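The values are calculated or read from the model by the stated rules, or taken from the named source; none is laboratory data. Fair warning: this is a prediction, and the values are worked out from it, not measured in the lab. Cβ coordinates were reconstructed from backbone atoms using ideal geometry, including for glycine residues, and neighbour counts include every protein chain displayed. Remember, those area values only see protein heavy atoms, side chains included, never the ligands or the DNA or RNA. Shrake-Rupley method; radii C 1.70, N 1.55, O 1.52, S 1.80 Å.
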Amino acid sequence: MNSFRYQKAGNISEALKWSKESQAYYLAGGTDLLGKIKTERIKPSVLIDLKKIPGLRGISFYDDRAEIGPLTTIREIEISPQVKERLPILSSASGKLGSVQVRNKATIGGNICNAAPSAETVPALLCLDTVAEIVGPTGVRQIPLDYFFIGPGQTILQNGEILRKLIVKVPPTTSRGIYHKLSVRRAMDIAFVGVAVLLEVVAGKIAHARIGLGAVAPVPMRVPQAENLLAGNFLSKELITDAAYITAQSCQPISDIRASADYRRLMVKSLIEKALWQISTTIELPGGEVK
Amino acid sequence: MRQIKFRVNGVMQSIEAADNQTLLDILRERLHLTGTKKGCDEGDCGACTVLLNKQPVNSCLVLAAEVDGCEVITIEGLANEEKNDPIQQAFVDCGAVQCGFCTPGMVMMTHALLEETPNPSEEEIRNFMEGNLCRCTGYVKIVEAVQTAAARRLPEGGGECD
């Protein structure tokens, strides 16, 4: 590995100060960063370890929201009984990232800030209306996660800003969420399509819909057109087909070593249909089953 | 260089390490604990798995500087001079060791799995150990070894391999 200095930040202002150095990188779990350094895709002068900064790790639940520290490990999120109960879609997506060893080290903040289009936790977080709280030299700002990503590996973070907190909306108990991942190899591979669907259903009618996609556009994305189509309606066969079609039309996949753009688009349609059908079987409809 | 103090297999160690050295490299090259293997060196193969504060991690993806003040258990920490650890013995008894390169990582993962799930199903075993590759592809025997080790730890005993 190329040489670099390692510095352990004790607080945010120390980290912000050190980040001014050229080629300074923040270190969270490091499962992605160390790989990039070993293969010389990046050449840091200094790694600023954020793990000892107080208050950046842990999960707290409030009435209608959860606050997640960005340095919480993926494994902690995956196995937390409260996350399983109240944010099952996030628990499920977390369990699909890497291996147990990787998840014990990797953090949710790292997964977000790396800004991989395939970032495993992000489609679920988008469905949960997650807000990113960011701290920088000029103060604190809050940004919906929808606006956090600007390209592969690129985020709105600037001037050494640090993701300080994730504020996640806890959906009502009438909600149903599903995350589907497709990868060439089931384990230890990144998604070539990630699809998250979250519906709140009241008396059989969709009160609230969210669709989040990964690996099928330069950034993880929501699909407002399909969400709007779903909201306010009963889940019918036609609606499922239309929502899946619109979602597939909205994404912008590329062809690469893992899958072609056409295949990705086809799989988005197929997985959205599958997720909506699966959700439809778990909700009670006044008129019985979906026809 | 920096001084790093951490507990390895129950013994306090204080060693000098460069900022860009990994935990894997200091375990093997400074402490001569070569049971922990270097396979891919990028977190894909699991051969370098150790327990860091009781949790299994890829030691190739941990900087030495990060473990200052931590507790690390390697494969050498499970057995003693005279006797195999029961998990190691199950691997031997079931023929789950071929070339042996993946075995330390597999044994460490089995240890971690049985701590949290004493009686895992085959699916749970395969899911938990999906980050450990066996280049001899001897997975069937490895799963049997985990099941055997689990059964032998249960109060009712049993669990012999076929």
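Within chain B, the longest run free of exposed loop sites, counting trypsin sites (Lys or Arg not before Pro) that sit outside DSSP helix and strand states (H, G, I, E, B) and have at most 14 other Cβ atoms within 10 Å, spans B:1-53. Relative to the longest principal axis of the Cα atoms of chain A, helix A:237-250 runs at roughly 30 degrees. Only aspartates and glutamates eight or more places from A:LYS237 in sequence, or on another chain, were considered; those with a Cα closer than 15 Å are A:GLU273, A:GLU289. Computed with a 1.4 Å probe on the full set of protein chains, the accessible area for A:SER22 sits at about 80 Å². In terms of Cα to Cα distance under 13 Å, which aspartates and glutamates are near enough to B:LYS141, apart from those fewer than 8 places away along the same chain? Counting by Cα, and skipping residues close in sequence, B:LYS141 has these aspartates and glutamates nearby: B:ASP93, B:GLU122, B:GLU160, B:ASP162.
Of the trypsin sites (Lys or Arg not before Pro) found in the stretch A:158-218, those that fall in a DSSP loop while having at most 13 other beta-carbon atoms within 10 Å are A:ARG185, A:ARG186.
In the stretch A:141-192 the Cα-Cα distances spread across 5 Å bins starting at 0 as 4, 12, 15, 14, 18, 20, 13, 3, 0 percent of all pairs. Applying 1/(1 + (r/R0)^6) with R0 = 35 Å to the Cβ-Cβ distance of B:VAL140 and A:SER270 gives a FRET efficiency near 0.60.
Taking only the alpha carbons of the protein assembly as shown, we obtain Rg and Dmax values of 23.2, 71 Å in that order. Estimated from the Cβ-Cβ distance and a Förster radius of 35 angstrom, the FRET efficiency linking A:ALA207 and B:GLU115 is about 0.25. Among the protein heavy atoms, those of B:LEU133 account for about 70 Å² of accessible surface (1.4 Å probe, every chain in place). Kirkwood hydrodynamic radius computed over the stretch A:5-49 comes to 10.7 Å, based on all pairs of distinct alpha carbons. Remark on the stretch A:2-97: hydrodynamic radius 15.0 angstrom, per the Kirkwood mean of 1/r across alpha carbon pairs.
Exposed loop sites here are GluC sites (Glu not before Pro) in DSSP loop states with at most 16 other C-beta atoms within 10 Å. What is the longest stretch of chain A lacking them?
A:41-283
Across all C-alpha atoms in the stretch A:175-280, the radius of gyration and Dmax reach 13.4, 45 Å.
Which entries of A:LYS8/A:LYS105; A:LYS43/B:LYS38; A:LYS165/A:LYS269; A:LYS205/A:LYS269; A:LYS8/A:LYS38; A:LYS51/A:LYS169 have Cα-Cα distances beyond 28 Å here? Going by Cα-Cα distance, A:LYS165/A:LYS269 fall outside the 28 Å limit. Going by accessible surface with a 1.4 Å probe and the largest first, B:THR117, A:THR121 read B:THR117, A:THR121. Taking 7 Å steps out from each Cα toward its Cβ at B:GLU124 and A:GLN158 produces label points 5.1 nm apart.
In debye, nearest 20, what is the charge dipole magnitude of chain A about its Cα centre with +1 on Lys and Arg Cβ and -1 on Asp and Glu Cβ, if you could check?
Numbers: 36 positive and 26 negative charges, 172 e Å.
The dipole magnitude comes to about 820 debye.
Estimated at the nearest 10 Å², the accessible area of A:TYR26 is 60 Å² with a 1.4 Å probe. Beyond 19 Å, the tail of the calculated P(r) for the stretch B:2-77 holds 21 percent of the Cα pairs. Phi-derived couplings, Karplus 6.51 cos²θ - 1.76 cosθ + 1.60 at θ = phi - 60°, listed residue by residue for the stretch A:129-140: 6, 5, 10, 9, 9, 10, 10, x, x, 9, x, 10 Hz, with x used for Gly and Pro.
Multiplying the residue separation of A:SER255 and A:SER22 by 0.36 nm and removing their Cα-Cα distance gives an extension gain of 80.5 nm. Helical content alone sets the calculated 222 nm signal of chain A at -8500 deg cm²/dmol, taking -39,500 (n - 2.57) per DSSP H segment of four or more residues and averaging over every residue. For the stretch A:55-69, 3J(HN,Hα) computed residue by residue from phi via the Karplus equation (6.51, -1.76, 1.60; θ = phi - 60°) reads x, 9, 10, x, 10, 10, 9, 10, 3, 10, 8, 10, 10, 10, x Hz, glycine and proline entered as x. Comparing the stretch A:59-169 with the 2.2 N^0.38 Å rule of thumb, its C-alpha radius of gyration ratio is 1.00 (two decimals).
Contact order for the stretch B:2-77, expressed relative to its length and based on alpha carbon pairs under 8 Å spaced 6+ residues apart, stands at 40 percent. Excluding same-chain neighbours fewer than eight residues apart, the aspartates and glutamates reachable from B:LYS5 by a Cα-Cα span under 18 Å are A:ASP49, B:GLU16, B:ASP19, B:ASP25, B:GLU29, B:GLU66, B:ASP68, B:GLU71. A compact globular protein would have a Cα radius of gyration near 2.2 N^0.38 Å; the ratio found for the stretch B:71-141 is 1.08.
Just want the answer: with Cβ charges of +1 for Lys and Arg and -1 for Asp and Glu, which residue in B:ALA112, B:VAL50, B:THR34 is farthest toward the dipole's positive end in chain B? Toward the positive end, the furthest listed residue is B:THR34. Scale the Cα Rg of chain B by the rule-of-thumb value 2.2 N^0.38 Å and send over the ratio, two decimals. It is 1.04.
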